[in-house]
Amino acid sequence: MTLIHDTIIIGGGIAGLQAAIQLGRYRHNVLVVDNHSGRSTICRAYHNILGWPGGISGPDLRRIGRQQAESYGVKFVDAEVMQAKIDGDEFALVTDSAEHYRARTLLIATGLVDHIPDIAGLRQCLGSTIYVCPDCDGYEIINHPTVVIGAGNVGADMARTLSYWSNDLTYINHEQTEIDDERKKALADKGIRFVNAPVRRILADGETIRAVALADGQELYFRRGFVAFGGNVVKSQLAVQLGVTVLENRHIPVDARTRETNVRGVFAAGDVVAHSEQVTISMGDGAQAAIWIHKRLLNQV
């Protein structure tokens, strides 16, 4: 007979782990199914988390969180859920290894995957001196010449956002996508240099960006960078299989108090939800969802 878990958490990122810790402390039978993806896997130093003034990497935070959850009896499976359906009063899942799992409640914490172009040398610096989130890492570019490598209007908007922290910015339109006149003017008004050319590779000293080599052989020197291409993938396809409402941008709307979706018993937390995509918000999301999952399991709501 298939074990019926109290809760299955799909996604072992920050939101999923925080929920797992809380639910483990409630002594529920919890399974986390994790395929080791999401934004937290690429961040090498969060500097905006209370209690970590020296920073902590996403992989380290995940490792510590998993160990903490396991200490409360939470189980983990390294797999990807491919199918999810409602079966009576339960939820039935099938993974990429053809394993079947069942649960009374679900938490979808599948996050999103950033669109990162295949530029030589880029991933060497990604999450260390080249970033994706200005709210997380805009502070890191202060007093550093900074490049935004992007596409069209998306990259131009990122460059304008970053002008809050720096007046030494260059925007390289790597894909040479068209930029509207309003944004071109805004770049010029803020003194942001504009280069309409593809990037051949990133030159680095260890994890620190040193220069950007263009396809024409020109090298431009920087110490920090951002990428902004748009096209990030919000991992909400399992929610759709379950009949959960998703927004046009694929994020999942949830109840502000409970983090429950429109489908009873299905909760969502973290970057897959419509919010500011911050690690600290994901932690709060996970804890809040876990509290209300606990209440649902006790039939208190």
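The values are calculated or read from the model by the stated rules, or taken from the named source; none is laboratory data. The structure presented is a predicted model; accordingly, all values stated were derived computationally and were not measured. Every residue, glycine among them, receives a Cβ derived from its backbone with ideal geometry; neighbour counts consider all protein chains shown. For the accessible areas, the whole protein counts, side chains as well, though only heavy atoms, and no ligand, DNA or RNA atoms are used. Shrake-Rupley method; radii C 1.70, N 1.55, O 1.52, S 1.80 Å.
Some notes on this structure:
- When the criteria are applied in full, Val263 fails the requirement of being closer than 27 Å to Gly138 by Cα and surrounded by fewer than 19 Cβ atoms within 10 Å (Cβ to Cβ).
- When the residues of region 266-296 are filtered to those that are surrounded by fewer than 23 Cβ atoms within 10 Å (Cβ to Cβ) and among the charged types (D, E, K, R), the one that is nearest to Thr7 (Cα to Cα) is Arg296.
- The condition of being assigned to a loop (DSSP other than H, G, I, E, B), within 18 Å of Leu169 (Cα to Cα) and not assigned by the TED database to the domain that holds Ala20 holds for Asn143.
- Pick from region 247-260, criterion surrounded by 19 or more Cβ atoms within 10 Å (Cβ to Cβ) and of a type in the set (Val, Ile, Thr), ranking: nearest to the chain's Cα centre (by Cα): Ile252
Residue-wise test of (1) in contact (Cβ under 8 Å) with a residue 40 or more places away in the chain; (2) open to solvent by 30 Å² or more (accessible area, probe 1.4 Å); (3) in a strand (DSSP E or B).
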site	(1), (2), (3)
Lys184	no, yes, no
Arg200	yes, yes, yes
Ala213	no, no, yes
Gly225	yes, no, yes
Gly230	yes, no, no
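- Residues of region 71-106 classified as among the acidic types (Asp, Glu) and under 25 Å from the mean Cα position of the chain (by Cα), total: 3
- Looking only at region 83-108, and only at residues there that are surrounded by 15 or more Cβ atoms within 10 Å (Cβ to Cβ) and without any contact (Cβ under 8 Å) to a residue 40 or more places away in the chain, the one that is nearest to Val263 (Cα to Cα): Ala92
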